[in-house]
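The values are calculated or read from the model by the stated rules, or taken from the named source; none is laboratory data. These figures come from a predicted structure and were not determined experimentally. FYI the Cβ positions are ideal-geometry reconstructions off the backbone, even for glycines, and counts take in every protein chain you see.
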Amino acid sequence: MQLKAILLASILWTSTAVSAQIAIKANIIYTASGTPIRNGVILISKGKIEKVGTTNNLPIPAGYTLYQSNVVTPGLIDARTLIGMSGVLNIPVDQDQLEKSSPIQPDLRAIDAYNPDETLVKVARECGITTLHTGHGIGALVSGQTMIVKTKPGTVENVTIQPLSMLAMTIGPSVSGYYGSPGTKAKQMAMIRTELLKAQLYLKKMNDKDSSKRPSLDLNMDILSKLLKGEIKALITANSSVDIMNAIRLAKEFNLRLVLDGAAEAYRLIDEIKSSKAEIILHATMARNEGDMVNMNRESAALLTAAGIPVSIESGYEAYVPKTRIVLYEAAMAMAYGLSFDEALKTITIHPAKLLGIDNRVGSIDVGKDADVVLYDGDPFEYTTKVCTVFIDGAVVSNKCP
């Protein structure tokens, strides 16, 4: 009976999302792609943003269900999280983010472990987070693949935007904490480089005109080949300046599309990062100053932005309950440490959308994009403000205000 109820709810939610015609009126709409719209109107049809305007130039057609709000933003994006892989209970059965049998496992797919019914997915959704970049975690040289999902209810297949987004890697002391080898930074880099050299040879053999000389499919080598060909990005967690430079050096040697994750000491290497063209997913602003993040700077988002480096803010990973942070609050704190309102909003909307390659669908309130929209009763970055109503693909997935 419970399974039938879940299936029925999923079917009803899907049909509602496809058919609903919705109008949203707001005192101010922050589109994340242009100038804020005062006395704004958004029309939603068939799960997409149909029109955006003002109450003066955009009348609401008959038959549209009207929602009114003080403030509206695009659905928020968590640029790097382990939600759905690391569960709220913090017990072995709900911790699938890190396989500890080997330090290098690029073949591990996030889609095989992601749990869309995890409590933390619901928590994120109710806080206005409509898209997650999640997957295998921090602590292995190559921990596995990442994926991009919506936080709406449904099966993995129904919520997935991209089943394969990036390859998660780690350089730093956390690796030595989980595995007997590597034990030093030099060994870490040697092991990663060895695997990438093997992948170069594998790729060369797979491209041999003589099919009889091609090797059998190897799942590890296949994913590393995609990395070498630039089909996926290298998501490398590196926090100290030494580890960040190791990641940049590795990307240059193998021509990788580099995304620096965490990057606690990025503020010390602004010129080097700009030269490398590496993208940044910055640690949570309120992360703890400990371990390889002891020298983190809460002004990093503002410093990097001022230098012309687009910043996406992540919730990251917490070893303790409740297992995650909420990027809405992390962006608000970045604003408290020097980031402007507009740029703070971009760190959790359009910037991660562009970094993830999904800005054609999400990240801003523009005609034709998915109708992922969040309604607030006040300033989104004010602690006392409530996230009232959350739409994903034009359907209400959370409604907490009267």
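Annotations
- Total residues in the range 67-85 satisfying the condition of being of a type in the set (Gly, Ala, Ser) and surrounded by fewer than 24 Cβ atoms within 10 Å (Cβ to Cβ): the figure is 1.
Each row is one residue, and each column tells you yes or no for (1) within 25 Å of Ile161 (Cβ to Cβ); (2) part of a loop (DSSP other than H, G, I, E, B); (3) hydroxyl-bearing (Ser, Thr, Tyr).
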residue	(1), (2), (3)
Ile49	yes, no, no
Ala62	no, yes, no
Tyr67	yes, no, yes
Thr73	yes, no, yes
Asp78	yes, no, no
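- Residues of the range 99-152 satisfying the condition of being touching a helix residue (DSSP H, G or I) at 6+ places or on another chain (Cβ under 7 Å) and among the basic types (Lys, Arg): Lys100, Lys150, Lys152
- Residue list for the range 313-335, restricted to those being part of a helix (DSSP H, G or I), of a type outside the set (Ser, Thr, Tyr) and farther than 13 Å from Ile83 by Cβ: Leu328, Glu330, Ala331, Ala332, Met333, Ala334, Met335
- Residues in the range 89-112 that are acidic (Asp, Glu), over 21 Å from Leu217 (Cβ atoms) and part of a helix (DSSP H, G or I): Asp94 alone.
- Any hit, the range 30-40, residues being more than 30 Å from Ala284 (Cβ to Cβ), among the aromatic types (Phe, Trp, Tyr) and either buried (at least 17 other Cβ atoms within 10 Å of the Cβ) or without any contact (Cβ under 8 Å) to a residue 24 or more places away in the chain (or both): no
- Candidate set from the range 336-353 (those that are part of a helix (DSSP H, G or I) and of a type in the set (Gly, Ala, Ser)); member that is farthest from His133 (Cα to Cα): Ala336
- Qualifying residue in the range 150-167 (condition: farther than 30 Å from Val72 by Cβ, among the small types (Gly, Ala, Ser) and assigned by TED's automatic domain parsing to the domain that holds Ser312): no
- Just one residue in the set Glu231, Glu253 is in a loop (DSSP other than H, G, I, E, B), closer than 27 Å to Lys354 by Cβ and either modelled with pLDDT under 95 or not aliphatic (A, V, I, L, M) (or both); that residue is Glu231.
- Entry remark, the range 171-194: residues being in contact (Cβ under 8 Å) with a residue 60 or more places away in the chain and in contact with a Pro (Cβ under 8 Å, 6 or more places away or on another chain) number 6 in total.
- Of the numbered criteria (1) within 22 Å of the chain's Cα centre (by Cα); (2) at pLDDT 95 or above; (3) in the same structural domain as Phe341 (by TED's automatic domain parsing), the one Pro103 fails is (1).
- Per-region count, the range 337-352, residues surrounded by fewer than 24 Cβ atoms within 10 Å (Cβ to Cβ) and either at pLDDT below 95 or not polar (S, T, N, Q) (or both): 6
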